[in-house]
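Encoded as structure tokens, the structure appears first; notes follow it.
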Protein chains: 2
Amino acid sequence: MTDQTLNDYMQTRKEWFEKRLDTFLRKLPITEKLRESMLYSLMAGGKRIRPILLFATLEELGGKPDQGLSVAIAIEMIHTYSLIHDDLPAMDDDELRRGRATNHIVYGEGTAVLAGDGLLTAAFQVLAEDPLLSETLKVQLIAMLASAAGPEGMVGGQEDDLEAEEKVLNLDQLISVHRRKTGRLIKFPIEAAARIAGASEAEQMQLSAYADNIGLAFQIGDDILDITGNQNELGKPIGSDLDNHKNTYVSLLTLDGAREELAKQIDRAIGCLNEIGLGQSVLAQLANYLLHRTH
Amino acid sequence: MTDQTLNDYMQTRKEWFEKRLDTFLRKLPITEKLRESMLYSLMAGGKRIRPILLFATLEELGGKPDQGLSVAIAIEMIHTYSLIHDDLPAMDDDELRRGRATNHIVYGEGTAVLAGDGLLTAAFQVLAEDPLLSETLKVQLIAMLASAAGPEGMVGGQEDDLEAEEKVLNLDQLISVHRRKTGRLIKFPIEAAARIAGASEAEQMQLSAYADNIGLAFQIGDDILDITGNQNELGKPIGSDLDNHKNTYVSLLTLDGAREELAKQIDRAIGCLNEIGLGQSVLAQLANYLLHRTH
């Protein structure tokens, strides 16, 4: 697959997904301001990397994107709510996200808290109301998503991150924070797709390991881009991690060391895919894309 | 049933429930501060009126409290998260709740936001992982809970309430706000119990109507207590609605009018129970309790 084919694949899936996401939100019987605020952040663009990982895994295993649509919507709702709450003055206090004013700047803090709460709750509703998946599968996916997103997963990692603000972490500690804070919600779409497609034990194992590696790679990439990125492409100020004395892979490993670690993770990820005959798949291309991304 | 019997019933169920709630939270593999913050608000007392409505409905229909335990835990987690977020400076900015400092005062705003997010997410995990209920039932209950708690329900009502702060509402508008803001999460435990116990169509219909009436009664009672209550019993300052120019049943109907409306709702609630032979049940006693409560 060429870079152009990968780009086309990502673009096609992204557009298909966003159309359905928008339709779903517009159907909810809610007040205009709450809907607007939820849509403002949900439709703010972004690469939709989690849904795309889900669709790609599903398709490589012989499934259809439709089977993963409500899981993808649920993931993106949860990812979006976490950004809205993370940007609040009580948390990271960010006024800019993806080149636009953050939710609380536009709609006020109260509505931003509620938009986040609403997206998080609606995520489970979308999944429970999915018309295609079996009830057994839905219960499994809801339990997996709640574990990945909740106190054991993302929320726990965010708390770890809050508490680490005044400390200097070593590499193991930093990895442990990121596995929960960002890793679990990148791993979930891949594991969910494997479950939906009825993957074998061996496939599930290798795909989970692949997911762990690219989850870490994604975070290392973010830390590198905070130093080397272009403010316009990223839609947020450069060097903010440094200014905020954040623990990052770059601060621990230097820029070159972080780049080496990123390449190592991608290598490992592709090694896992090779084990199950997916070394040339879209998933391998997506791993390489993470290695070379500029935003 | 005498008042003493009702008090004993409520106390027994409350203690049984709280022990299990505590055990569940202590088992989660999370950082100490996040757990503490979640437990601080979750175990702050309160009447556990929602779980008790669920257990009572279940038992009156021939079910066992155990069958409703994870639903009850999920409801109380969601009720608690909504209080934590509601107390934030960005929302109601309250420093006192049930006689104790609010979550963000003790743990900081960032952790309070996360404790709320964590409780909301864990609620769906508890339900999905319940070992007793069938998968069909779990999917139904998760969809019902998400609808009751999310943008269509409680979160939507909270946004309505935020937007109503600068306006004067009429009675219909006030009722519409409360049906979503507090009514849906009082209705859910009753409807969930009816579903779990396999209630007939007629029973489900009357119990839903009963739930609507006591949901409204509960809110009217709150508004009355804000004027007539005892600060020590309530654990929060008296007259704060008045000071904040809030739209309440008392401000719209006068104190006597609100009392009349409260009695009317309780009458109707008991009428619904009479239709299905539950006019002398714990549920009827609970309705009367709402009429006479002092905190």
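The values are calculated or read from the model by the stated rules, or taken from the named source; none is laboratory data. In this text the structure is predicted, and so the values were computed from the model without any measurement. No Cβ is skipped: glycine too gets one built from the backbone with ideal geometry, and neighbour counts run over all protein chains shown.
Only residues that are among the hydrophobic types (A, V, I, L, M, F, W, C) and within 14 Å of chain A (Cβ to nearest Cβ): list them for region B:38-52, please.
Across region B:38-52, the qualifying residues are B:Met38, B:Leu39, B:Leu42.
How many residues, within region A:196-240, are at pLDDT below 95 and on the phi > 0 side of the Ramachandran plot?
2
I'd like to know if region B:51-64 contains one or more residues that are surrounded by 15 or more Cβ atoms within 10 Å (Cβ to Cβ) and at pLDDT below 95.
Filtering region B:51-64 down to residues surrounded by 15 or more Cβ atoms within 10 Å (Cβ to Cβ) leaves B:51-61, B:63.
Add one more test, that the residue is at pLDDT below 95, and what stays is none.
For region B:51-64, residues surrounded by 15 or more Cβ atoms within 10 Å (Cβ to Cβ) and at pLDDT below 95: absent.
Can you pull out the residues in region A:96-108 that are more than 13 Å from chain B (Cβ to nearest Cβ) and modelled with pLDDT of 95 or more? Working first, answer last.
Our first condition is that a residue be more than 13 Å from chain B (Cβ to nearest Cβ); within region A:96-108, this holds for A:96-102, A:106.
Listed by number, the residues that qualify are A:Ala101, A:Thr102, A:Val106.
Just need a number here: residues in region A:165-195 that are more than 14 Å from every other protein chain (Cβ to nearest Cβ), surrounded by 20 or more Cβ atoms within 10 Å (Cβ to Cβ) and not acidic (Asp, Glu).
10
Are any residues in region A:1-26 part of a helix (DSSP H, G or I), aliphatic (A, V, I, L, M) and farther than 20 Å from A:Ile78 by Cβ, and if so, which ones?
A:Leu6, A:Met10, listed by residue number.
Look through B:Asp22, B:Asp8, B:Asp86 and report the one residue that is under 27 Å from B:Glu159 (Cβ atoms) and among the acidic types (Asp, Glu).
B:Asp86
So, in region B:109-118, of the ones that are at the interface with chain A (Cβ under 8 Å from one of its Cβ atoms) and not acidic (Asp, Glu), which residue ends up nearest to B:Ile78 (Cα to Cα)?
Out of the qualifying residues, it is B:Gly116.
For A:Asn247, only one of the following conditions fails: (1) in a helix (DSSP H, G or I); (2) modelled with pLDDT under 90; (3) surrounded by 15 or more Cβ atoms within 10 Å (Cβ to Cβ). What is its number?
Going through (1) in a helix (DSSP H, G or I); (2) modelled with pLDDT under 90; (3) surrounded by 15 or more Cβ atoms within 10 Å (Cβ to Cβ) one by one, A:Asn247 breaks only (1).
Scan region B:38-62 for residues that are aliphatic (A, V, I, L, M) and touching a Pro at 6+ places or on another chain (Cβ under 6 Å) and report the count.
Going through region B:38-62 one residue at a time, the tally reaches 2.
I'm trying to understand the selection: among the residues of region B:138-154, which are under 12 Å from B:Leu185 (Cβ atoms) and touching a residue at least 60 places away in the same chain (Cβ under 8 Å)?
Across region B:138-154, the qualifying residues are B:Leu145, B:Ala149, B:Met154.
Hey, can you tell me all the residues within region B:269-284 that are outside any loop (DSSP other than H, G, I, E, B) and surrounded by 18 or more Cβ atoms within 10 Å (Cβ to Cβ)? Steps first, please.
Residues of region B:269-284 that are outside any loop (DSSP other than H, G, I, E, B), as a first pass: B:269-275, B:282-284.
Result: B:Ala269, B:Ile270, B:Cys272, B:Leu273, B:Val282, B:Leu283, B:Ala284.
Among the residues of region B:196-217, what is the count of those that are surrounded by fewer than 22 Cβ atoms within 10 Å (Cβ to Cβ) and hydroxyl-bearing (Ser, Thr, Tyr)?
So the count comes out to 2.
Every residue in region A:139-159 that is surrounded by fewer than 22 Cβ atoms within 10 Å (Cβ to Cβ), facing chain B (nearest Cβ under 7 Å) and out of contact with any Pro (no Cβ under 7 Å at 6 or more places or on another chain), please.
Matches in region A:139-159: A:Ala143, A:Ser147.
Pick from region A:1-37 the residues that are within 14 Å of chain B (Cβ to nearest Cβ) and within 25 Å of A:Ala193 (Cβ to Cβ): which of them is surrounded by the fewest Cβ atoms within 10 Å (Cβ to Cβ)?
A:Phe24
B:Leu162: more than 14 Å from chain A (Cβ to nearest Cβ), touching a helix residue (DSSP H, G or I) at 6+ places or on another chain (Cβ under 8 Å) and touching a residue at least 24 places away in the same chain (Cβ under 8 Å), yes or no? Walk me through it before giving the result.
Working: more than 14 Å from chain A (Cβ to nearest Cβ): no; touching a helix residue (DSSP H, G or I) at 6+ places or on another chain (Cβ under 8 Å): yes; touching a residue at least 24 places away in the same chain (Cβ under 8 Å): yes.
So B:Leu162 does not fit the description; no.
Looking only at region A:17-41, count every residue that is touching a helix residue (DSSP H, G or I) at 6+ places or on another chain (Cβ under 8 Å), at pLDDT 90 or above and within 23 Å of A:Glu60 (Cβ to Cβ) and tell me the total.
Counting residues in region A:17-41 that are touching a helix residue (DSSP H, G or I) at 6+ places or on another chain (Cβ under 8 Å), at pLDDT 90 or above and within 23 Å of A:Glu60 (Cβ to Cβ) gives 1.
From (1) within 14 Å of chain A (Cβ to nearest Cβ); (2) under 29 Å from B:Glu135 (Cα atoms); (3) free of Cβ contacts under 8 Å to residues at least 24 places away in the same chain; (4) not polar (S, T, N, Q), pick out the condition that doesn't hold for B:Asp93.
Failed condition: (2).
If you check A:Thr182, A:Thr121, A:Thr111, which single one turns out to be under 29 Å from A:Gly277 (Cβ atoms) and either free of Cβ contacts under 8 Å to residues at least 40 places away in the same chain or among the polar types (S, T, N, Q) (or both)?
Values: A:Thr121 fails: under 29 Å from A:Gly277 (Cβ atoms); A:Thr111 fails: under 29 Å from A:Gly277 (Cβ atoms).
Selected residue: A:Thr182, the only one of A:Thr182, A:Thr121, A:Thr111 that is under 29 Å from A:Gly277 (Cβ atoms) and either free of Cβ contacts under 8 Å to residues at least 40 places away in the same chain or among the polar types (S, T, N, Q) (or both).
Could you tell me whether region A:121-138 includes any residue that is at the interface with chain B (Cβ under 8 Å from one of its Cβ atoms), of a type in the set (Val, Ile, Thr), within 21 Å of B:Gln125 (Cα to Cα) and surrounded by fewer than 24 Cβ atoms within 10 Å (Cβ to Cβ)?
Taking every residue of region A:121-138 in turn, at least one turns out to be at the interface with chain B (Cβ under 8 Å from one of its Cβ atoms), of a type in the set (Val, Ile, Thr), within 21 Å of B:Gln125 (Cα to Cα) and surrounded by fewer than 24 Cβ atoms within 10 Å (Cβ to Cβ).
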